[in-house]
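Student: Mind having a look at this structure? Questions to follow.
The values are calculated or read from the model by the stated rules, or taken from the named source; none is laboratory data. It should be emphasised that the depicted structure is a prediction, and the values quoted were computed from it without experimental measurement. Using ideal geometry, Cβ is built from the backbone for each residue, glycine included, and neighbour counts are taken over all protein chains shown.
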Amino acid sequence: MDDVTVVVPAYEEAGRIGRVVSELVGTYRVLVVDDGSTDETATEARAAGATVVEQATNEGYISALKRGFRAAETPIVVTYDADGEHRPGDVARLASAIESHDLDLVLGARSTIPRPSERLLNRLTRAKVEVTDSGTGLRAIRRDLAVDLELDTVCTCGTLVLEAAANGARIGEIPIETRDIEKPRGIAWGHARQLWHVLRYLWRDR
């Protein structure tokens, strides 16, 4: 799909990123944004066939995501996690729905949302936008919408969807199944601050 760029924000994903990229290249343009990794993330991504943009320091997921949106040159961008939990076949399903259903943002809705804090943020988001997984890392989005998003928050949980909706985006979802990966999931302390941002977005858009 020449009209799709898969943007993969990555930090310290050596040992994983090569396989992730190799599953995607040849079908999509793959753009890895290495967010100041100190391991071989960038080297492995290039060797697997990705275009790599490197940030000199670790600036965080949102900064890497926005850098990827700006660097992409296709009308549709698909965001994709670097840890290997997503299935490459879902990229086409989400990207195709942009055109076939005349949408601006399509979320890959997970069957299970692992963290209680994320589930809370999702419930709050649904007060404004009827989606089941506002924190998914797998999304297809029109690039012209993506580059206009401020994303001035701790993470994308809830707020990416809320900001897109406030900008008039037509939003849909497609169910996906994630793969089990061996990666520890720590407590997402940033979700405490993200709660304030979600409430701010809800209040701002009243």
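Student: Restricting to segment 112-123, what's the tally of residues that are surrounded by fewer than 18 Cβ atoms within 10 Å (Cβ to Cβ) and not in a loop (DSSP other than H, G, I, E, B)?
Tutor: Result for segment 112-123: 4.
Student: Quick check on this structure: which one of T57, T51, T74, T41 is over 23 Å from T159 (Cα atoms), among the hydroxyl-bearing types (S, T, Y) and crowded, with 22+ Cβ neighbours inside 10 Å?
Tutor: T41
Student: Out of the residues in segment 161-173 meeting the condition of being without any contact (Cβ under 8 Å) to a residue 40 or more places away in the chain and assigned to a helix (DSSP H, G or I), tell me which one is nearest to R139 (Cα to Cα).
Tutor: E163
Student: Further question on the same structure: When you look at R87, is it among the basic types (K, R), within 27 Å of A14 (Cα to Cα) and modelled with pLDDT under 95, yes or no?
Tutor: Spelling it out, it is not the case that R87 is among the basic types (K, R), within 27 Å of A14 (Cα to Cα) and modelled with pLDDT under 95.
Student: With the structure loaded, tell me whether A10 is under 10 Å from A82 (Cα atoms), at pLDDT 95 or above and buried (at least 17 other Cβ atoms within 10 Å of the Cβ) or whether it fails that test.
Tutor: yes
Student: OK, next. Determine, yes or no, whether A109 is small (G, A, S) and assigned to a strand (DSSP E or B).
Tutor: yes
Student: Only one of these is at pLDDT 95 or above and more than 19 Å from L160 (Cα to Cα): A64, A47, A97. Name it.
Tutor: Every option except A47 fails the conditions.
Student: Also: Does R93 count as part of a helix (DSSP H, G or I), over 20 Å from S134 (Cβ atoms), among the basic types (K, R) and touching a residue at least 12 places away in the same chain (Cβ under 8 Å)?
Tutor: no
Student: Still on this model: Pick out the one residue from D144, D180 that is of a type in the set (D, E) and more than 17 Å from I76 (Cβ to Cβ).
Tutor: Sole residue among the options that is of a type in the set (D, E) and more than 17 Å from I76 (Cβ to Cβ): D180.
Student: Are any of the residues in segment 110-122 within 19 Å of S96 (Cα to Cα) and in contact with a strand residue (DSSP E or B) (Cβ under 9 Å, 6 or more places away or on another chain)?
Tutor: Taking every residue of segment 110-122 in turn, at least one turns out to be within 19 Å of S96 (Cα to Cα) and in contact with a strand residue (DSSP E or B) (Cβ under 9 Å, 6 or more places away or on another chain).
Student: Kindly provide the set of residues from segment 124-150 that are touching a residue at least 12 places away in the same chain (Cβ under 8 Å), more than 16 Å from the chain's Cα centre (by Cα) and not in a helix (DSSP H, G or I), ordered by number.
Tutor: A127, K128, V129
Student: So L103 clears everything in (1) assigned to a loop (DSSP other than H, G, I, E, B); (2) farther than 24 Å from S63 by Cα; (3) touching a Ser or Thr at 6+ places or on another chain (Cβ under 9 Å); (4) modelled with pLDDT of 95 or more except one condition, right? Which one?
Tutor: (3)
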